[in-house]
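Note sheet for the following structure.
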Amino acid sequence: MSNTYQSKLVSLLSSDLDFHSSSSREFTHDLHAFPAKFPPQLPRKFIDGLTQPGDVVLDPMVGSGTTLLEAVLAGRCAVGFDIDPLALRLCNAKTTSVSPLQAAQAGLMMLRKAKSAVYEQNEGLQAELARRFDAKTQEFVDYWFAPEAQIELLALLKQIEVLQEDGVRSFLELAFSSVIITKSGGVSLALDLAHTRPHRAKDKPYRSPIKEFEKRLKQNLTSLAALPAARPLVVLGCGDAQSLPLKSGSVDLVVTSPPYPANAIDYMRAHKFSLVWMGYPIDILSQYRKRYIGSEALDGTKTEELPSTTAGVIQAIAARDRGKGAGLRRYYSEMARVLGEMIRVIRPGRAAIVVVGSSVIRGIDTRTYDCLAEIGQQVGFEIAHIGVRNLDRDRRMMPARRGHERNSQIENRMHREYVIGFYKPGGPQ
């Protein structure tokens, strides 16, 4: 069995992984914008090829929940963890069974009440805005959201907050967030928000949050209606991929995509635009950001003994920028612990699929796929094969170009991804 499984794994990794002609908007994959998410066809290929119905598929860094939703649709048990509050909300809304009729009824009633509140309770909404945020969060909200947008957003949010049914509330809360964090437009004063590189535009045309929510609700209801009513088990929780609350040998397949090194895609920079409305103060969100893998914060971080190639890359970068070298050491040390947890929880004779991109720091390539492959071998994995995925930047949400520049560092380091096939030895022969 082991040899057959490994051959299948290598064959899948050697096949076309670009999926440029495939749609990524089916089912609930398009409920909310999310930077650099991989296409659903990627996890689907490995879930279909390497597991059976009822098997356990894990994504220890769920992000937008693509792997978990594909596992659910394939009849597998889906398990996922993340520490990002918006990622968890997004993943929960995408995988929780919700009646489209119930969601539609609640959404339409919510719109009617929100519209009424804006006209009939405007002074009360303004008074509530004045006491809803602490001073630092209020400063952030006032800088990025026009006063009339704040009123409409609060009117919508108050209707969401009184909903009793958790699934419907999660679904509508996500629609609320998606009118703020968008690939283009959005109801804040930010441009390029979904690319995680926002900048303020005072002359940006006003978009009514209520009107945008109404359009988004219709779109998301269409996606929700495409999902099957009966779904397998989904286990989703707030958890650190470096210390998974799972039994050893309890997982049949891992498919995941860790963050880029050097904090190249800063998720919290965009996510905080909607999370502040959901009760998270700016200071608390800054603390979350420091816990993310690859964060630039170095205080109290624990480093690991790393293999030679990885240590050499870190040393070369540290010679040019000591701080950047220390940050990269943190990243690879954290990923060593993540890979150590993966091999612990995976059954012998099974695989982990890790999709990674590289970064250029001070003119030096971080060689992420080489380094992670080397670290994986250090913790006990075998490398079945490393596939290459060419990105279609015009379809995939990546940090935006400035002007017409196509040779910037960020452009050069994000045109390709590598799909590492880790194999845990010891399965039946």
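No lab work stands behind these numbers, since they all come straight from the coordinates. Note that this is a predicted model, so its numbers are computed, not measured. Note: ideal-geometry Cβ built from the backbone for every residue, glycine included; neighbour counts use all protein chains shown.
Size estimate for the stretch 66-170 follows the Kirkwood approach: the inverse of mean 1/r over distinct Cα pairs works out to 16.1 Å. Ellipsoid fit via the Cα gyration tensor, the stretch 1-116: semi-axes of 33, 15, 13 Å, each the root of five times an eigenvalue, largest first. For the residue pairs LYS115/LYS136; LYS113/LYS218; LYS272/LYS324; LYS272/LYS302, the C-alpha atoms sit more than 21 angstrom apart in LYS115/LYS136; LYS272/LYS324; LYS272/LYS302. For the chain, the longest principal axis of the Cα atoms and the long axis of helix 135-144 meet at an angle of about 90 degrees. Note on GLN121 and ARG200: with the Förster distance fixed at 25 Å, the Cβ-Cβ geometry gives a FRET efficiency of about 0.30.
Helix 368-379 and the longest principal axis of the C-alpha atoms of the chain enclose an angle of approximately 60°.
Over the chain, Cα pairs under 8 Å with separation of 6+ residues give a relative contact order of 21 percent.
Per-residue ellipticity at 222 nm computed for the chain from its helices equals -14500 deg cm²/dmol, with DSSP H segments shorter than 4 residues left out and the rest contributing -39,500 (n - 2.57). Taking other Cβ atoms within 10 Å as a rough exposure proxy, PHE171, PHE145, PHE422 sort from fewest to most as PHE145, PHE422, PHE171.
Volume per residue for the stretch 126-196 equals 100 cubic angstrom (convex hull of Cα atoms).
With 0.36 nm allotted per residue and the present C-alpha distance subtracted, the ARG322-ASP48 stretch has 94.2 nm of extension available. Using the Cβ-Cβ distance between LYS218 and ALA311 with R0 set to 60 Å, the FRET efficiency works out to roughly 0.65.
With each label point set 7 Å from Cα along the Cα-Cβ vector, what nm distance links GLU165 and ILE83? Calculated label separation equals 3.5 nm.
Taken over the stretch 234-279, the convex hull of the Cα atoms encloses 138 Å³ per residue.
Here's the list of aspartates and glutamates a cross-link from LYS204 could span, going by alpha-carbon distance under 16 Å and ignoring same-chain residues fewer than 8 apart: ASP142, GLU148, ASP192, GLU212.
Using 0.36 nm per residue and subtracting the Cα-Cα separation, the extra length available between ASP142 and LYS8 on full extension is 42.8 nm.
Taken about its Cα centre, the stretch 1-138 carries a charge dipole of roughly 260 debye when the Cβ of each Lys and Arg holds +1 and the Cβ of each Asp and Glu holds -1. Of the two radii for the stretch 295-342, the radius of gyration is 0.97 times the Kirkwood radius, both from the alpha carbons; that is the Rg over Rh value.
Look at MET268, MET109 and count the other Cβ atoms within 10 Å of each Cβ; fewest to most, that gives MET109, MET268. Helix 147-161 and the long axis of the chain differ in direction by around 70°, with both axes built from C-alpha atoms. On full extension, the segment bounded by CYS238 and ARG112 gains 42.0 nm, given 0.36 nm per residue less the C-alpha separation.
Here is the list for the stretch 283-351: trypsin sites (Lys or Arg not before Pro) lying in DSSP coil, each with at most 16 other C-beta atoms within 10 angstrom of its C-beta, are LYS302. For the residue pairs LYS37/LYS247; LYS37/LYS183; LYS94/LYS215, the alpha carbons lie more than 21 Å apart in LYS37/LYS247.
In the stretch 100-225, Rg over Rh equals 0.96, where Rg is the alpha-carbon radius of gyration and Rh the Kirkwood radius from pairwise Cα distances.
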